[in-house]
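Let me begin by presenting the structure, written as structure tokens, before commenting on it.
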Amino acid sequence: MLNTSLILLSLILSFLLLRELYIISVEVFIGGDDNVHEVLQKVLDFFLYFVFVSLIVKYFKENYHFPLRYFIYLGITGTLRFIIVSHENPIANFVFSLVILVLMISYLMLTFERS
């Protein structure tokens, strides 16, 4: 049941990934939207879909197991992307930076535990 739902989820995410790629290419090459921040938001959404699809692929390659470090990578990169896109509030960016620090410390703890 889990494998079937993950395959279905990866197909949906792949469709959304291709749709986002189409929207980006139309806006950049045909010139729909001149707002750079909107285009950047769409590019970051594209990469977020890509990361989730690659995480599902990694699940099947790792013998039906999600390594914890990939979720930490996902949290760090997702938080960085959010800071890049919405940089208006400095207090919120500071809190998000603390979130990245906590994720990095947890990754280091995970790495030292294995060795």
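Spin-label model, MET109/LYS58: points 7 Å from Cα along the beta carbon direction are separated by 2.0 nm. Computed on region 52-115, with alpha-carbon pairs under 8 angstrom and 6+ residues apart, the relative contact order is 32 percent.
The Cβ shell under 12 Å around SER106 holds other residues with a net charge of 0, Lys and Arg each +1, Asp and Glu each -1.
What number comes out for accessible area per residue over the chain if the probe is 1.4 Å? Units Å², please.
Numbers: 8170 Å² over 115 residues.
Heavy-atom SASA per residue in the chain reads 71 Å².
Across the chain, the convex hull enclosing all Cα atoms gives 116 Å³ per residue. Note on the chain: with neighbouring protein chains present and a 1.4 Å probe, carbon and sulfur make up 73 percent of its accessible heavy-atom surface. Taken along the Cα-to-beta-carbon direction at a fixed 7 Å, the label points for LEU16 and ASN93 span 2.7 nm.
Which of the helices in the chain, when you take each full DSSP H run, stretch at least 27 Å along the axis at their Cα atoms and have an average Kyte-Doolittle score of -0.5 or higher? It would help to have the intermediate numbers written out before the result.
Values: long enough: 2-25 (34 Å, 1.75); 36-61 (37 Å, 1.16); 90-114 (36 Å, 1.70).
Length and hydropathy pass: 2-25, 36-61, 90-114.
Using alpha-carbon pairs under 8 Å, 6+ residues apart, how would you state the relative contact order of region 1-99 in percent?
Working: 48 pairs, mean separation 25.2, N = 99.
Relative contact order here is 25 percent.
The values are calculated or read from the model by the stated rules, or taken from the named source; none is laboratory data. All of these numbers come straight from a predicted model, not from anything done at the bench. Please note: Cβ atoms are built from the backbone with ideal geometry, for glycine as well, and neighbour counts cover all protein chains shown. Just so you know, the surface numbers come from the protein's heavy atoms only, side chains and all, with ligands and any DNA or RNA stripped out. Shrake-Rupley method; radii C 1.70, N 1.55, O 1.52, S 1.80 Å.
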